[in-house]
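A short worksheet on the structure shown next.
Readers should treat all values here as calculations from the given coordinates under stated rules, not as data from a laboratory. Being a predicted model, the structure only gives us computed values, none of them experimental. For neighbour counting, all protein chains shown are included, and Cβ atoms are generated from backbone atoms with ideal geometry for every residue, glycine included.
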Amino acid sequence: MQKSKSKPISPKIEEVTRYMKERVGVGKSYDFGYREVVILKRKVQLYYVNGLVESSIVVRMMQELVNLADHEFEYKKAPEIIENRLIHEQVEKVKTYDEAVDQVLSGLIAIFVDGYDQAFIIDVRHYPGRSPEEPDTERVIRGARDGFTENIVENTGLTRRRIRDERLRHEMFKVGERSKTDVCIGYLQDVADNDFVSYAKERIQSIEVAGVPMADKTVEEFILGHKWSPLPMVRYTERPDVAASHLMDGHVILYIDTSPSVIILPTTFFNCLEHAEEYRQSPLIGTYIRWTRLLAVMLSIFLLPFWLLFTLEPAMLPDELAFIGPNKEGNIPIVLQILMAGIGVEFMRMAAVHTPTPLATALGLIAAVLIGDIAIQVGMLSSEVILYVAIATIGSYVTPSYELSVANKMLMFFLLIVTAIFKADGFVVGTLILLLYLISIKAFRTPYLWPFIPFDARAMARFLMRYPVPYVNSRPNYVHPKNIYTQPLKTNSRNK
Amino acid sequence: MNQEDHISHREGMPSLIGRVAIIGFVGGVFWSTIGFFMYYFNFVEISAKSILLRSWLRRPWTDGWLGEVISILMTGILSIAVAYISYFLLRKWYSMWGGVILGAVCWLLVFIVLHPLYPNVPTIYEMQQESIVSTFCLFVIYGVFVGYSIAYDYYDLQIKEMQLNEKKKNAKDS
């Protein structure tokens with residue numbers, strides 16, 4: 001339908017000028033520039049968007065075009081001669097205005113020649129951006145320090161550098177009627193499940209929206225169900241090595257232009273608890289790190305409601321643990337104290353994100369002194385509350401996925417409130433509801449709590465133990481890989 | 001030949017029947033361990049040992065940690081039977097609700113139908129309300145663990161077979 005609407009390029013250069021003025025606002029919009037030169041007695045116009053083109057290359061090409069008049073005199077063949085003298089490896093010809101304008105707006109230049117009904121498009125893009133840096137949220141002690149940037153071409157390049165496989169596919173789509181954002185879907189053709197890849201493509205192509213300035217998050221919300229779920233339905237990563245290792249396992253990666261994080265599909269709850277660090281240490285240390293992390297995450301969800309339950313029902317504590325519980329109750333019900341302290345921590349977390357660095361020390365001081373000390377002295381909070389809230393908070397900071405840590409906090413508040421109202425019954429039934437909810441979620445057709453429920457013995461063992469890589473010869477089951485082995489089966493092939 | 005190797009999926013993995021047994025055993029052991037912690041923290045007044053050992057054994061060791069461990073292992077073995085029942089009845093129902101029903105039925109069996117077998121355990125009318133709620137929740141989540149896992153495994157196998165057929169068809173065409 002769009003094809004039929006688009007107007008073919010007119011051979012008259014005046015017409016081109018008029019079209020550009022009316023449709024694109026040349027002259028009005030300061031960033032859309034044009035330059036007109038006369039070559040071989042013909043007017044030649046060059047359109048570009050400043051800020052997106054590499055000026056030095058454009059100047060070099062103009063120089064070549066202008067000098068051309070000194071050697072060439074066949075005026076009739078001007079377009080061919082000009083094409084020949086466009087010294088760049090990526091030159092394309094387009095026949096309609098729409099195509100030309102689209103390309104110019106993405107940073108290419110278009111050259112129109114009087115008397116010729118096509119335009120030359122030359123790729124001289126140079127997007128403003130930073131060079132790869134180590135991502136803040138996924139630091140490792142050892143390992144690669146490069147991270148994805150805001151530039152999709154660089155991002156796919158970073159992955160390609162790690163997988164030089166001819167079967168790695170990077171397919172491009174455009175999303176957004178106005179923003180025309182590039183979305184790239186990456187997968188290994190002979191590993192990723194056909195059904196899954198085509199389903200993902202279908203979902204991306206069905207997005208109809210003006211634009212996706214918030215890039216990956218918006219795309220995620222369009223393609224996934226459970227839109228109200230607090231839990232992250234996909235895993236984000238800014239590390240090319242993490243993305244590459246997931247591709248190898250048969251996952252699908254979505255790159256969205258202007259976002260430094262890529263989307264890994266499909267994802268499970270336990271997938272969000274893994275961290276690149278574990279694979280950089282020896283397997284046993286990796287296992288130890290993973291267990292510690294799992295413990296911290298569990299504490300961040302269950303510790304506060306569990307402790308609250310014992311303050312409400314001290315009789316439930318076994319005799320050995322009878323010392324637990326607030327020695328001084330304080331003036332405010334414990335549940336309110338926990339809620340206050342919890343929300344106070346949230347205040348601090350949010351403030352820490354926005355506080356300019358010079359003020360951060362002052363913020364830390366205020367937080368530590370006010371909440372930590374004075375609150376106890378004036379009798380607002382009891383000291384146990386501070387202790388347990390602090391442990392739970394540290395636990396949530398240990399969670400590798402930031403999205404998951406915030407979601408866990410919400411689950412914790414839910415448990416806290418049902419425990420406060422219904423005591424032991426509330427805690428047990430609340431936990432059951434949470435578990436059943438997690439089980440019922442399917443992120444992109446994948447059970448969220450896999451491999452725990454539904455249980456997969458081998459995958460669960462691989463989560464609980466960080467196996468040495470040579471012993472892990474198969475890909476995870478839940479992505480339904482077409483080719484399950486990552487290493488040749490030694491024992492079998494020898495027998496045959 | 002290499003191709004053959006890749007097609008024969010899940011080589012080296014136990015068969016479906018074996019996996020069902022593993023699911024049952026792990027489910028029984030894991031959730032009865034959780035049950036023990038619930039007993040320790042007084043959510044429930046009985047633990048697996050009260051039903052499985054103390055009902056017919058009066059030796060002192062049955063009340064200690066050994067009794068707990070042995071009864072947890074016994075639960076695991078009994079649970080294999082539950083897993084097979086679930087496999088025969090529920091494997092085609094790929095939904096967690098099948099598991100919820102399985103768990104609820106198990107709870108009814110243990111606490112009402114089979115109750116006369118263990119007179120030392122309080123009847124449902126004598127039990128504290130927390131115990132009833134907690135044991136019921138535990139059985140439901142256990143049922144989901146077993147029932148849903150088996151249903152998913154079966155569903156997964158279906159997908160694998162589909163992929164296999166597709167591959168064979170492609171191989172024939174080309």
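Mind pulling the angle between the C-alpha long axis of helix A:283-312 and the longest principal axis of chain A? Nearest 10 degrees, somewhere in 0 to 90. Its long axis makes an angle of about 60 degrees. Think of segment A:279-440 as having a plus end and a minus end, set by charges on the Cβ of Lys, Arg, Asp and Glu; of A:Thr355, A:Gln281, A:Ala368, A:Gln281 sits farthest toward the positive end of this dipole. Compute the angle between helix A:152-162 and the longest alpha-carbon principal axis of chain A, please, reported from 0 to 90 degrees and rounded to the nearest 10. Relative to chain A, helix A:152-162 is tipped by roughly 70 degrees. Take chain B and mark each of the trypsin sites (Lys or Arg not before Pro) that is in a DSSP loop with at most 11 other Cβ atoms within 10 Å; the longest unmarked stretch, sites excluded, is B:93-174. In plain terms, the C-alpha convex hull of segment A:136-267 casts an average shadow of 8.0 nm² when viewed from every direction.
For chain B, the residue among B:Asn170, B:Tyr94, B:Asn42 whose Cα projects farthest onto the positive side of the dipole built from Cβ charges is B:Asn170.
Averaging sequence separations of C-alpha pairs under 8 Å and six or more residues apart, then dividing by the length of chain B, give the relative contact order as a whole percent.
Values: 188 pairs, mean separation 51.3, N = 174.
Computed over chain B, the figure is 29 percent.
Of all trypsin sites (Lys or Arg not before Pro) in segment A:274-331, which ones are in loop regions per DSSP and have a Cβ with at most 16 other Cβ atoms within 10 Å? Present the calculation step by step, with values, prior to reporting the outcome.
Values: sites: A:Arg280, A:Arg290, A:Arg293, A:Lys328; in loops: A:Arg280, A:Lys328.
Listed in order of number, the matching sites are A:Arg280, A:Lys328.
Put in order of Cβ neighbour count within 10 Å, fewest first, the listed residues A:Val378, A:Val479, A:Val183 become A:Val378, A:Val479, A:Val183.
Going by how many other beta carbons lie within 10 Å of each one, how would you line up A:Thr355, A:Thr292, fewest first? The partial results should precede the final answer.
Working: A:Thr355 15, A:Thr292 11.
Lowest count first: A:Thr292, A:Thr355.
Based on the Cα gyration tensor of the protein assembly as shown, what are the three equivalent ellipsoid semi-axes, each the root of five times an eigenvalue, rounded to whole Å and given largest first?
In descending order the semi-axes read 60, 33, 21 Å.
For chain A, the relative contact order comes to 13 percent (Cα pairs under 8 Å, sequence separation of at least 6).
Any idea what the dipole of chain B comes to, in debye rounded to 20, about its Cα centre with Lys/Arg Cβ at +1 and Asp/Glu Cβ at -1? Write out the running numbers ahead of the final one.
Numbers: 13 positive and 13 negative charges, 64 e Å.
Roughly 300 debye, rounded to the nearest 20.
Put in line by how crowded their Cβ is, counting other Cβ atoms within 10 Å and starting with the fewest, A:Leu304, A:Leu363, A:Leu321, A:Leu339 read A:Leu321, A:Leu363, A:Leu339, A:Leu304.
About the Cα centre of segment A:136-267, what is the dipole size in debye to 20, counting +1 per Lys and Arg Cβ and -1 per Asp and Glu Cβ, all else neutral? Let's see the in-between values first.
Working: 18 positive and 22 negative charges, 49 e Å.
Dipole of segment A:136-267, to the nearest 20 debye: 240 debye.
Altogether, the Stokes-Einstein calculation at 4 °C and 1.567 mPa s, with the Kirkwood radius of segment B:91-174 over Cα pairs as Rh, returns a diffusion coefficient of 84 µm²/s.
Qualifying chymotrypsin sites (Phe, Trp or Tyr not before Pro) in segment B:109-174, where qualification requires a DSSP coil assignment and no more than 15 other C-beta atoms within 10 Å, comprise B:Tyr125. Bridgeable lysines around B:Lys167 (alpha carbons under 19 Å apart, same-chain partners fewer than 8 residues away excluded): A:Lys482.
Segment A:359-398 and segment A:419-459 have Cα centres separated by 31 Å. Helix A:383-398 and the long axis of chain A differ in direction by around 30°, with both axes built from C-alpha atoms. Quick one: longest stretch of chain A between exposed loop GluC sites (Glu not before Pro), exposed meaning at most 11 other C-beta atoms within 10 Å and loop per DSSP? In short, A:209-496.
Say the cut-off is 30 Å between C-alpha atoms; which of A:Lys41/A:Lys93; A:Lys21/A:Lys180; A:Lys174/A:Lys409; A:Lys174/B:Lys169 go over it? List each step's numbers first, then the result.
Values: A:Lys41/A:Lys93 22 Å; A:Lys21/A:Lys180 21 Å; A:Lys174/A:Lys409 36 Å; A:Lys174/B:Lys169 33 Å.
Long pairs (Cα-Cα over 30 Å): A:Lys174/A:Lys409; A:Lys174/B:Lys169.
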